[in-house]
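Data block below; observations after.
The values are calculated or read from the model by the stated rules, or taken from the named source; none is laboratory data. In this text, all values refer to a predicted model and were calculated from it rather than measured experimentally. When we count neighbours, we look across all protein chains shown, and the Cβ atoms used for this are built from the backbone with ideal geometry, even at glycine.
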Amino acid sequence: MQKTIFGAMNTYSHDTVVPFSHSTESKKKQVELMFDKIAFRYDFLNRFLSAGIDVRWRKKAIRELVSLQPKSILDVATGTGDFAITSCRILKPGKVTGIDISEGMLDLGRKKIIKYGLQNQIQLLNGDAEAIFFEESSFDAVTVAFGVRNFENLEKGLSEIYRVLKPGGKLVVLECSKPSLPLIRNIYNFYMKFITPKVGKLISKNNDAYQYLNNSVQQFPEKQTFIHILNQLGYRHSLYKTLTLGICTIYCGEK
């Protein structure tokens, strides 16, 4: 049985990881403020810190939906709209709707959409992944790129996504993960712990955001644990695929 947003939800250690440890604000509010602050450098830092591989990751994740040929897609935690834009180009759906709690990120995303002439295909709205304002069974597919770590309650967000999916609809999640090979894992941990925050601070003037990135990745219930969560919430045919030596993972589940 699927859990609803009204039922008891499990919590995970990453749910309590916050960007600003000194703040008394909720995780959700802190995440919103953090992305508002770094929005102006977010896209550049994504390309720089991943050496451009994040573009390839997004394309691979979106191709998980090719056989479904979705006509309506919801992109949760859409940020500046990269996933929504790439979905539009690869899948040619009738409509992609992106939601995010950061107005700063959305403003930049809307400018990109106009620049690419996609304003008739993509709409970006301020919205909360844990209280999605669409009716049940509204979308053929839902995507989330590097956003589920930021949910204040992971199960609540995934349950809301399940609710708005049509029967037979598919969820595709793209998320950072930890490599399993010891040597690669050690290099990755050093990069994420020491290099990423320093580069983030230098370019975005915000050390907290990129320290939070590492902390939330370290605590995230990844791979088979995440699949178990999807299954417990009612998703079927759940699977994951690791990318680039395990530093990124695609998760899929169907309603």
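Residues in the stretch 173-219 that are in a loop (DSSP other than H, G, I, E, B), closer than 21 Å to Tyr12 by Cβ and out of contact with any strand residue (DSSP E or B) (no Cβ under 7 Å at 6 or more places or on another chain): 3 in all. The single residue among Asn10, Asn46 that is in contact with a helix residue (DSSP H, G or I) (Cβ under 7 Å, 6 or more places away or on another chain), of a type outside the set (A, V, I, L, M, F, W, C) and farther than 21 Å from Lys111 by Cα turns out to be Asn10. Being at pLDDT 90 or above and within 27 Å of Ala39 (Cβ to Cβ) is a condition met by at least one residue of the stretch 162-170. Of all residues in the stretch 145-168, those being of a type in the set (A, V, I, L, M, F, W, C), under 20 Å from Pro221 (Cβ atoms) and touching a Leu at 6+ places or on another chain (Cβ under 7 Å) number 5.
Of all residues in the stretch 183-205, those satisfying the criterion of being under 14 Å from Pro19 (Cα atoms) and buried (at least 18 other Cβ atoms within 10 Å of the Cβ) are Pro197, Gly200. Going by the structure shown, is Thr249 part of a strand (DSSP E or B) and buried (at least 18 other Cβ atoms within 10 Å of the Cβ)? Yes, satisfied. Taking the criterion of being part of a helix (DSSP H, G or I), closer than 15 Å to Cys252 by Cα and touching a helix residue (DSSP H, G or I) at 6+ places or on another chain (Cβ under 8 Å), would at least one residue in the stretch 158-170 satisfy it? Taking every residue of the stretch 158-170 in turn, at least one turns out to be part of a helix (DSSP H, G or I), closer than 15 Å to Cys252 by Cα and touching a helix residue (DSSP H, G or I) at 6+ places or on another chain (Cβ under 8 Å). Evaluation of Gln211 against the conditions (1) surrounded by fewer than 21 Cβ atoms within 10 Å (Cβ to Cβ); (2) in contact (Cβ under 8 Å) with a residue 12 or more places away in the chain; (3) out of contact with any Pro (no Cβ under 8 Å at 6 or more places or on another chain) shows that the sole unmet condition is (3). Scanning the stretch 35-57 for residues that are surrounded by fewer than 20 Cβ atoms within 10 Å (Cβ to Cβ) and either within 22 Å of Glu130 (Cα to Cα) or basic (Lys, Arg) (or both) returns Asp36, Lys37, Arg41, Arg47, Arg56.
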